[in-house]
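Worksheet: the structure to be examined is printed underneath.
The values are calculated or read from the model by the stated rules, or taken from the named source; none is laboratory data. It should be emphasised that the depicted structure is a prediction, and the values quoted were computed from it without experimental measurement. Note: ideal-geometry Cβ built from the backbone for every residue, glycine included; neighbour counts use all protein chains shown. Remember, those area values only see protein heavy atoms, side chains included, never the ligands or the DNA or RNA. Shrake-Rupley method; radii C 1.70, N 1.55, O 1.52, S 1.80 Å.
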Amino acid sequence: MEGAGRQGVATATGSDQECTHDNEPTSHLLPALADVAPLLLQRERIRHGTLAYVEEKTGRRGRYARDTIAARLASDLERAELELGDGPAAVLVVHHTVYDAQQQPIEFAEAVYPPNKWTFEQGYSVID
């Protein structure tokens, strides 16, 4: 999480969406959340979503989100979990960060997608 530092960050894989061979989601959360939101430490899917659960347990509300999307080579573990074979394989990585009203991150999730499984589309105005 931005601003949280990398030390002491708990990780829960597959917590807000099903983990399939089509993607490998991982949420990164502050360790203090484990005391008030213990479901974050379990690998099972949180039915109403990670963000809604954190909001419910902490009283903090997500106000805006930022996504960063990039391509890179899959790690050995990602190649195995996504069944990409033994050779080099490209993956699409989406970092999704939700911020509260104080502009502090409330959730950071990373999803890794194999080739040919995800399309990014963005609409915007072009000014003359």
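Residues are listed down the side, and each one gets a yes or a no for (1) under 20 Å from Lys57 (Cα atoms); (2) among the hydrophobic types (A, V, I, L, M, F, W, C):
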position: Arg72; (1), (2): no, no
position: Leu77; (1), (2): no, yes
position: Ala80; (1), (2): no, yes
position: Asp86; (1), (2): no, no
position: Ala89; (1), (2): no, yes
position: Tyr99; (1), (2): yes, no
position: Gln104; (1), (2): yes, no
position: Asn116; (1), (2): no, no
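Considering segment 114-128, the residues that are modelled with pLDDT under 90 and open to solvent by less than 100 Å² (accessible area, probe 1.4 Å) include one that is farthest from Pro31 (Cα to Cα), namely Gly123. Six or more apart or on different chains, Cβ atoms under 6 Å: show the pairs whose first residue is in segment 85-110 and surrounded by 13 or more Cβ atoms within 10 Å (Cβ to Cβ) and whose second is of a type in the set (Ser, Thr, Tyr) and in a strand (DSSP E or B). As it stands, the answer is Leu92/Tyr113; His95/Thr68; Tyr99/Tyr64; Pro105/Thr97; Pro105/Tyr99; Phe108/Thr97; Ala109/Ser27; Glu110/Thr26, since those pairs meet every condition given. The residues of segment 28-56 that are touching a helix residue (DSSP H, G or I) at 6+ places or on another chain (Cβ under 9 Å), open to solvent by less than 70 Å² (accessible area, probe 1.4 Å) and either at positive phi or not in a helix (DSSP H, G or I) (or both), listed by number, are Leu29, Ala37, Ile46. Can you name the residue in segment 73-84 that is charged (D, E, K, R) and either open to solvent by less than 90 Å² (accessible area, probe 1.4 Å) or closer than 30 Å to Gln102 by Cβ (or both) and is also farthest from the chain's Cα centre (by Cα) among such residues? Here the answer is Arg79. Among the conditions (1) of a type outside the set (A, V, I, L, M, F, W, C); (2) assigned to a loop (DSSP other than H, G, I, E, B); (3) within 15 Å of the chain's Cα centre (by Cα), the only one that Arg66 does not satisfy is (2).
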